[in-house]
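Encoded as structure tokens, the structure appears first; notes follow it.
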Amino acid sequence: MKREQNYKDTLLVLLKGFIIGSSMSVPGVSGGTMAILLGIYDRLISSVSRFLNDLKGNIIFLMKFCIGAGIGIFTLSNVIKKLLEVAPIPVSFFFLGAVIGGVPALYEKTKTKNSKLLISSVIYFLLGLAAVISIGFIPTGTINVSSGSGFGHYFMLLVTGIIIALALVLPGISTSHMLLVLGMYDSMLDAISSFDIVYVGLIGIATVIGIFLITRPIEWTMNKFPRQTYCVVIGFVIGSTWEIFNDKINPSIPANASYAWWALTVIISLITFILGIGAIMKLSKFSND
């Protein structure tokens, strides 16, 4: 019985890692958002922030997750990219459905009958919403740390890694958008394709350091102020839909779209939206937390 449960747990961790990894290529869908919606976020945060408390158990869990995420990044993410090129609007609506479909489960963590607490919950939600939407308005290339040399340049690469860690861990914040803001997106792709070990290695080390630095404060706030934290998280999650609309849906609408195009697109997008809601609600029932 215990062995069967372990197999089930392993498969769920691999599957959720796979989904999170594959979805990270979609604008507006952050890894943190998908982890929250799939019910594995708390466990991931705890495994990192309390890494030494259960070294063997945390290493095994994180390895399972990373294997699943790695497979998702290198396999299904390419399929999703192709689908986004062929049918950007229906595919984007599928992910919109997935994001919206996970909100009820998050809302359950914030329920209160106290009217004063309800008002404060709305305020925390609006703060989270405003934070994510405002990040989307930061022009790409505002800060350029991709060029230069010397100690200052490498120090900025370390700072960049920590910023990337924030984008990876915090739900609703797109890692790809943050790389664009920092002027790092193209140079990162070039470094990976040219096997620039120093460049990628420095950012990778800094990202890992950043993840370990910020997970403990996040875990503390989730344990100390769960209602307030989840209200902010819901704001993050809802706010992330703005980037999906802004980067994928709006640019894909033809200037002179016919009525037939609108009718077909609306019907297909409605179907994919409902499928997205159903898929995430089904998966979120299998929580690892």
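Where a number appears in this text, it was derived from the coordinates with a stated rule and is not lab data. This one's a predicted model, so the numbers in the text were calculated from it and none came from an experiment. Cβ sites come from the backbone with ideal geometry, for glycine too, and all protein chains shown count toward neighbours.
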Given a Förster distance of 25 Å, the FRET efficiency implied by the Cβ-Cβ spacing of residue 60 and residue 111, rounded to the nearest 0.05, works out to 0.15
If the chain between residue 224 and residue 155 were fully extended at 0.36 nm per residue, the gain over the current Cα-Cα distance would be 21.5 nm
Given 256-266, 98-108, 212-222, 231-241, the highest-first ranking by average Cβ count within 10 Å works out to 231-241, 98-108, 212-222, 256-266
Here the gain from full extension of residue 245 to residue 194, 0.36 nm per residue of separation minus their alpha-carbon distance, amounts to 15.1 nm
Checking rank on 10-18, 31-39, with mean other Cβ inside 10 Å and highest first, the result is 31-39, 10-18
The pairs in 111/248; 81/111; 8/111; 81/282; 16/82; 16/56 lying past 27 Å Cα-Cα in this model are 111/248; 81/111; 8/111
Ranked output for segments 42-49, 79-86 by mean other Cβ atoms within 10 Å, highest leading, reads 42-49, 79-86
Quick calc: nm separation of the 7 Å Cα→Cβ label points for residue 81 and residue 15 -> 2.7
